[in-house]
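> Here it is, the structure in full.
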Amino acid sequence: MIEARGLGKNYGAKTAVSNVSFTVQPGKVTGFLGPNGAGKSTTMRMIVGLDRPTHGEVVVNGKPYSQHRAPLHEVGALLDAKAVHTKRSAYNHLRAMAATHGIPNSRVKEVIDMTGLGAVAKKRVGGFSLGMGQRLGIAAAMLGDPQTLILDEPVNGLDPEGVLWVRHLAKGLAAEGRTVFLSSHLMSEMALTADHLIVIGKGQIIADAPIKEIIDGRGQIRTRVRTDQPQVLIGALANDGVSSQQLEPELLEVTGVEPRQIAYTALQNNVLVYELTPLQASLEDAYMQLTQGAVEYQSQDLEPEHSGATAGEGK
Amino acid sequence: MSSATINTPTHRSTNNSGGVNFMRVLKSEWIKITTVPSTVILLAITVLVMVGLAALGAWSVTMFADMTSSVPEGVDMGEVPEISAMVASVPGSGLIFGQLLIASLAVVLIASEWGTGMIRSTMVAVPGRIPALLAKQLVFAVIAFLVGAGSAFLGYLVAQPILATADLTLSLTDDGVLLHIINTGSVLALVAVLAMSIGTLIRNTAGGVVTSIGLLMVLPILLQLFSNIAEWLQDAYRFLPGSGGEQMVATQIMDGDFNQWQGALVLGAWALVLLVASLIVTKNRDV
C-alpha cells in the first residue's frame, strides 16, 4: 500500500508535483497515467526516497521508504531501466544489490530465469538492448520478493512476448494481494492491465477511480450510423444540439447521445437508418478528454477577461 | 525480525533475511568494485608501475652514491639529504604516480555511479545512503592501502639486488624503513578517501578527477611558484594535502617541516572534512 498525502516537489522555481494525495491499494493493479512532464516519475522517485518531497509525505506499507529495515523486501522499483553500471554484468549487478539484504545467490538465479535473462546474464549490461535492460530492471525489482511493486514504463522497449509477460506478471502479483503501481504511455496496454487509474496532469491529480468508471463516465458515447439521407439526419440531430460527423457518403459518427435517441430522431424525420452501432469508448478517448478538460478549463479561464475587454471597447 | 513477520502476508517469500546492515553493504560494495574489469586492471597497473619506479629509484640512488663517493674530500656539496635517508625512501618512489592513479580511480568509482544511473539502484537498496558511501570508502581505502604498502614492500624486495651493486643496504629494521613502507599505503588510503569524497560532491568523473589532481598535485606547484609574493603562502604550503602526504613517507625530517604524524594529521584532516561534507550533502540532496 502506498499513501501520498499533500505530496509536492519543486525543482527550484519549477513545480513538478503540487499537493498530490492518493492511495494505491493492495490486491489490484493501479495505473499511473499522465502526459510527459506531468510528474509521474518524480512522484515515483519520491516514493522510494530518491527525491525528497518539498512538502507532504509518502509512506509505503505504513512507513517512509527509507525507514524500512529491509526496503527491497518491501518495495521493488523499476524506475529507470538504465540504473545499472554499463561495464558490469547483469548477474554481478543483481548479486551486488542482493548482497545489501543478504539475499542468497539462488534468488538471483531465480529472478534471472524468471525474466528470461539467462543467456545474457554474464554479459556486460552496456551491450543490452532497451528490452533486455527493462528485463534486468524488473529482475532487480523482484529480487526481494517485495510486497509492493513500482514499475515506471515497464513495457518500454519490450517485444510483444515481453509486453504480455509484464501484463501477466502485474496481474498475477496483484492477485496474490500485492500492491502494483505502474505507469505507461501505452493506453491500450494500460486498459488491459490496470484495475484502477490515477491520472496526473501538470503536477496534480486529475482522476483517481476504477478504470471502468473512467472509461464509462468520461468517454463520450459514439455511435456509427448508416443512412441514405445523411444530410437530413445531420440537420435533424443538429436541431437537438447533437454533433455528428460524416465519414463516408452514407456513414455518420454521432457523438454524445444514446443509439435509441438517434433512431427516434430518424423516425420522426422519416429517415431510413440501416446501421446503428454503438462504439466502445476506449481508455484513450477517456484519457484525451480528461487531459483536454484541463486545457479547456484554462481557455475558459481566459475568456471572461477577453469578453470584458471587448465590452469595454464597445462602450 | 518479528516486525517483519507481523505485517507479512502468507505469500511473503521465505528469503526475508533481516534487512540491510553494514557488513552486507560492505560485501555489496566489494562485489561492485571487483566486478568492473577496468578497476582491477588499473589496480594491477598501479602496483606494476610503483614497483618499477622503486627499482628505478634504487638505481638512481646507486648512481648518486657513485657520484658523491668520487667527489674529493673537502668539496662543499651544499645541503644534500643523507644517503641513508635516500635509500630508506626507495620503496615508495612511485608514490606520486600511485596517488595519481588511486585518486582518479576513487573518483571514477563513485562518479560513474551517477554517470551510469547505478547510484539510483544503490540508494534504493540502501536508502540511508550514508552506509553505502561509507562502505564504498572503506572498501576502496583498504584496497588503496594494500596496493600502496604492498607495492612499497615489493619495491623493497626488488631494490635489494640493485642497491647491493653500490654496496648500499636497505633493511626493514633500519630507521624509518618500515614506517615508510606502511605509510606509502596510508597515504594512498587517505588520498582515496579524499578523492572519492570530491567525486561524491561533484558527481562527475572528469570534474572530480581534475579537482582531485588539482588539489593534490597542481596546487602545491602553484604555491611554490608564487611563494615569493607573500610569506603566508609558504606557510600554507605545509598544510596542503599533498605536503601532508609527502611528510608521511619522509625518511628524513628537515628543519621546520612536519614530522610523519603531523603530516598524517594534515592529510587526514583534509580527507575527513571532505568525507563529512560529502556525506552531509549526499544525505540531503536528491539522487
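The values are calculated or read from the model by the stated rules, or taken from the named source; none is laboratory data. What you see is a predicted model, and the numbers here were worked out from it, not measured in a lab. Reconstructed Cβ throughout: ideal geometry from the backbone, glycine too, with neighbour counts over all protein chains shown. What goes into the accessible areas is simple: the full protein's heavy atoms, side chains included, and nothing from ligands, DNA or RNA. Shrake-Rupley method; radii C 1.70, N 1.55, O 1.52, S 1.80 Å.
> Write out, first by first residue and then by second, each pair whose Cβ atoms fall under 9 Å of each other, whose residues are 6+ apart or on separate chains, and whose first residue, in the range B:85-98, is under 13 Å from B:LEU168 (Cβ atoms) and in contact (Cβ under 8 Å) with a residue 24 or more places away in the chain while the second is surrounded by fewer than 24 Cβ atoms within 10 Å (Cβ to Cβ) and of a type in the set (D, E, K, R).
B:ALA85/B:ASP175; B:VAL87/B:ASP174; B:ALA88/B:ASP174; B:ALA88/B:ASP175
> Only one of (1) under 17 Å from B:VAL287 (Cα atoms); (2) modelled with pLDDT of 95 or more is not met by B:GLY117, so which one is it?
With (1) under 17 Å from B:VAL287 (Cα atoms); (2) modelled with pLDDT of 95 or more applied to B:GLY117, the lone miss is (2).
> Which one is most open to solvent (accessible area, probe 1.4 Å) among residues in the range A:63-73 that are more than 7 Å from every other protein chain (Cβ to nearest Cβ) and under 24 Å from A:ASN19 (Cα atoms)?
Initially, the range A:63-73 is screened for residues more than 7 Å from every other protein chain (Cβ to nearest Cβ), giving A:63-64, A:67-68.
Filter once more, so that each one left must be under 24 Å from A:ASN19 (Cα atoms): A:63-64, A:67.
Details: A:LYS63: 82, A:PRO64: 39, A:GLN67: 113 Å².
Out of the qualifying residues, it is A:GLN67.
> How many of the residues in the range A:9-24 are within 15 Å of A:ILE206 (Cα to Cα), within 17 Å of the chain's Cα centre (by Cα) and open to solvent by less than 50 Å² (accessible area, probe 1.4 Å)?
Residues in the range A:9-24 being within 15 Å of A:ILE206 (Cα to Cα), within 17 Å of the chain's Cα centre (by Cα) and open to solvent by less than 50 Å² (accessible area, probe 1.4 Å): 3 in total.
> Further question on the same structure: Of all the residues that make up the range A:254-300, how many are loosely packed, with under 15 Cβ neighbours inside 10 Å, acidic (Asp, Glu) and at pLDDT below 90?
Total satisfying the criteria: 2.
> Given (1) assigned to a helix (DSSP H, G or I); (2) farther than 18 Å from B:MET86 by Cα; (3) open to solvent by 20 Å² or more (accessible area, probe 1.4 Å), where does B:GLY263 come up short, assuming only one miss?
(3)
> Would you mind stating whether A:ALA38 is facing another protein chain (nearest Cβ under 7 Å), in contact (Cβ under 8 Å) with a residue 12 or more places away in the chain and in contact with a strand residue (DSSP E or B) (Cβ under 6 Å, 6 or more places away or on another chain)? Step through it out loud before you land on a result.
Numbers: facing another protein chain (nearest Cβ under 7 Å): no; in contact (Cβ under 8 Å) with a residue 12 or more places away in the chain: yes; in contact with a strand residue (DSSP E or B) (Cβ under 6 Å, 6 or more places away or on another chain): yes.
It is false that A:ALA38 is facing another protein chain (nearest Cβ under 7 Å), in contact (Cβ under 8 Å) with a residue 12 or more places away in the chain and in contact with a strand residue (DSSP E or B) (Cβ under 6 Å, 6 or more places away or on another chain).
> Another question about this same structure. Looking at this structure, is A:HIS185 surrounded by fewer than 16 Cβ atoms within 10 Å (Cβ to Cβ), closer than 27 Å to A:MET46 by Cβ and not acidic (Asp, Glu)? Give the steps one after another, and end with the answer.
Numbers: surrounded by fewer than 16 Cβ atoms within 10 Å (Cβ to Cβ): yes; closer than 27 Å to A:MET46 by Cβ: yes; not acidic (Asp, Glu): yes.
So A:HIS185 fits the description; yes.
> State whether the residues of the range A:45-59 include one that is under 24 Å from A:VAL155 (Cβ atoms) and open to solvent by 10 Å² or more (accessible area, probe 1.4 Å).
yes
> May I pose another question? Looking at the range A:138-253, what strands (runs of 3 or more DSSP E) fall wholly within it and have at least 1 residues that are touching a His at 6+ places or on another chain (Cβ under 9 Å) and free of Cβ contacts under 8 Å to residues at least 40 places away in the same chain? Break it down into steps so the answer makes sense when it comes.
Working: elements: A:148-152, A:179-183, A:196-201, A:204-210, A:222-227, A:243-248.
Result: A:204-210.
> Let me ask something else. Out of B:GLY117, B:GLY18, B:GLY57, I need the residue that is within 14 Å of chain A (Cβ to nearest Cβ), more than 24 Å from A:SER89 (Cα to Cα) and open to solvent by less than 50 Å² (accessible area, probe 1.4 Å). Which one?
Just one listed residue meets the conditions, B:GLY18.
> Only one residue in A:VAL120, A:VAL111, A:VAL180, A:VAL155 is surrounded by fewer than 23 Cβ atoms within 10 Å (Cβ to Cβ) and either among the polar types (S, T, N, Q) or in the same structural domain as A:PRO71 (by TED's automatic domain parsing) (or both), so which one is that? Before you say what the answer is, go through the steps one by one.
Numbers: A:VAL111 fails: surrounded by fewer than 23 Cβ atoms within 10 Å (Cβ to Cβ); A:VAL180 fails: surrounded by fewer than 23 Cβ atoms within 10 Å (Cβ to Cβ); A:VAL155 fails: surrounded by fewer than 23 Cβ atoms within 10 Å (Cβ to Cβ).
Selected residue: A:VAL120, the only one of A:VAL120, A:VAL111, A:VAL180, A:VAL155 that is surrounded by fewer than 23 Cβ atoms within 10 Å (Cβ to Cβ) and either among the polar types (S, T, N, Q) or in the same structural domain as A:PRO71 (by TED's automatic domain parsing) (or both).
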